[in-house]
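Have a look at the structure below, then the notes.
The values are calculated or read from the model by the stated rules, or taken from the named source; none is laboratory data. Note that the structure is predicted; figures quoted are calculated from it, not measured. Backbone-built Cβ (ideal geometry, glycine too); neighbour counts: all protein chains shown.
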Amino acid sequence: MSKLVQKLVRVTKNVGKVKKSGFNRHQNYHYSTESDLIEVVRENLLEEGILLTTSVEEVTTTETLAIVKMKHKLIDSESGDSLEMYSQGFGNLTVGKDKAVFAAQTGAFKYMLSKNFMIASEDDPENDIFSESTKKTDAKTFTRSKPTDTTVEYKPDTKEVKVELKGSSTTNITVEVPVAKEGDKPPVTQTKPSFSRRTTSKTEPSFP
């Protein structure tokens with residue numbers, strides 16, 4: 001095992017949790033800035049005599065995104081060993097190309113630091129979202145039995161409809177139901193006229 005790898009193991013072991021000094025006002029969440037990540041990694045790298053260099057390898061764009069490919073190189077000042085790695089970041093072009101490319105570079109660099117050195121955050125946004133959704137759900141949770149059978153009984157003398165739902169209590173509803181009297185004409189129902197389509201066919205004359 002090379003000295004560089006041994007040193008990187010010690011760096012990863014000594015890197016602690018990273019704070020979240022950034023705040024997204026639009027989506028209301030805290031996040032770790034590039035400076036937050038550099039702060040926890042730089043000191044440990046310098047203590048081990050490791051230099052980290054970063055360069056932009058490629059910048060491409062789509063209709064909505066700027067895509068940046070970056071190259072990172074870790075160099076051991078003692079042995080001369082080096083390790084190369086690549087990362088990719090994305091930026092939204094709706095804010096302008098320059099800002100989108102810069103955001104993509106920052107995202108790629110942050111991704112390389114956080115994933116390769118296995119940096120844990122003090123606040124996990126997924127935990128925040130889960131806890132908030134749990135609170136909202138608990139506040140509005142209620143149970144309701146779903147009826148599987150319905151019985152309806154009408155009493156002409158009281159003009160009352162008795163509705164019984166299986167799985168719930170009996171409900172009495174008073175309604176006015178018109179009663180047909182002797183001599184009343186039945187309601188007239190209208191039906192749409194129907195039309196039949198006449199088709200004609202032509203036959204070609206046959207000749208002997």
Discussion item. Going through 75, 67, 38, 50 one at a time, which residue ends up being within 22 Å of residue 120 (Cα to Cα), in the same structural domain as residue 13 (by TED's automatic domain parsing), modelled with pLDDT of 95 or more and of a type in the set (Val, Ile, Thr)?
Written reply: 50
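Residues of segment 38-49 being more than 15 Å from residue 13 (Cα to Cα) and in contact (Cβ under 8 Å) with a residue 40 or more places away in the chain, which ones?
At the first step, the residues of segment 38-49 found to be more than 15 Å from residue 13 (Cα to Cα) are 38-39, 49.
Scanning segment 38-49 gives 38, 49.
Would you say residue 44 is of a type outside the set (Lys, Arg), crowded, with 17+ Cβ neighbours inside 10 Å and under 16 Å from residue 117 (Cα atoms)? Working first, answer last.
Details: of a type outside the set (Lys, Arg): yes; crowded, with 17+ Cβ neighbours inside 10 Å: yes; under 16 Å from residue 117 (Cα atoms): yes.
In short, yes.
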Item to complete: Return only the number of the condition from (1) modelled with pLDDT of 95 or more; (2) assigned to a loop (DSSP other than H, G, I, E, B) that residue 123 does not satisfy.
Response: (1)
Item to complete: Scan segment 86-117 residue by residue and report those that are over 20 Å from residue 63 (Cα atoms), of a type in the set (A, V, I, L, M, F, W, C) and under 21 Å from the mean Cα position of the chain (by Cα).
Response: none
Practice prompt. Just give me the residues in segment 74-101 being part of a strand (DSSP E or B), touching a residue at least 40 places away in the same chain (Cβ under 8 Å) and among the charged types (D, E, K, R), in sequence order.
Written response: 76
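When residues of segment 78-101 are filtered for being surrounded by fewer than 19 Cβ atoms within 10 Å (Cβ to Cβ) and over 26 Å from residue 46 (Cα atoms), how many remain? Show your work before the answer.
Quick first cut of segment 78-101, residues surrounded by fewer than 19 Cβ atoms within 10 Å (Cβ to Cβ) only: 78-86, 88, 90, 92-99.
Next cut, over 26 Å from residue 46 (Cα atoms) only: 90, 92-99.
Looking only at that region, the number is 9.
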Discussion item. For residue 9, only one of the following conditions fails: (1) over 24 Å from the mean Cα position of the chain (by Cα); (2) of a type in the set (A, V, I, L, M, F, W, C); (3) surrounded by 17 or more Cβ atoms within 10 Å (Cβ to Cβ). What is its number?
Written reply: (3)
Practice prompt. Six or more apart or on different chains, Cβ under 9 Å: which pairs go from a residue in segment 102-116 that's in the same structural domain as residue 92 (by TED's automatic domain parsing) and free of Cβ contacts under 8 Å to residues at least 40 places away in the same chain to one that's part of a helix (DSSP H, G or I) and aromatic (Phe, Trp, Tyr)? Could you list them?
Written response: none
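Being touching a Leu at 6+ places or on another chain (Cβ under 7 Å) and either over 16 Å from residue 111 (Cα atoms) or basic (Lys, Arg) (or both) is the filter here, so list the residues in segment 9-60 that pass it. Write out each step before concluding.
Step one: of segment 9-60, the residues touching a Leu at 6+ places or on another chain (Cβ under 7 Å) are 11, 18, 37, 41, 45, 50, 52.
Result: 11, 45, 50.
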Worksheet item: Which condition number in (1) under 33 Å from the mean Cα position of the chain (by Cα); (2) not in a helix (DSSP H, G or I) is the one that residue 41 fails?
Response: (2)
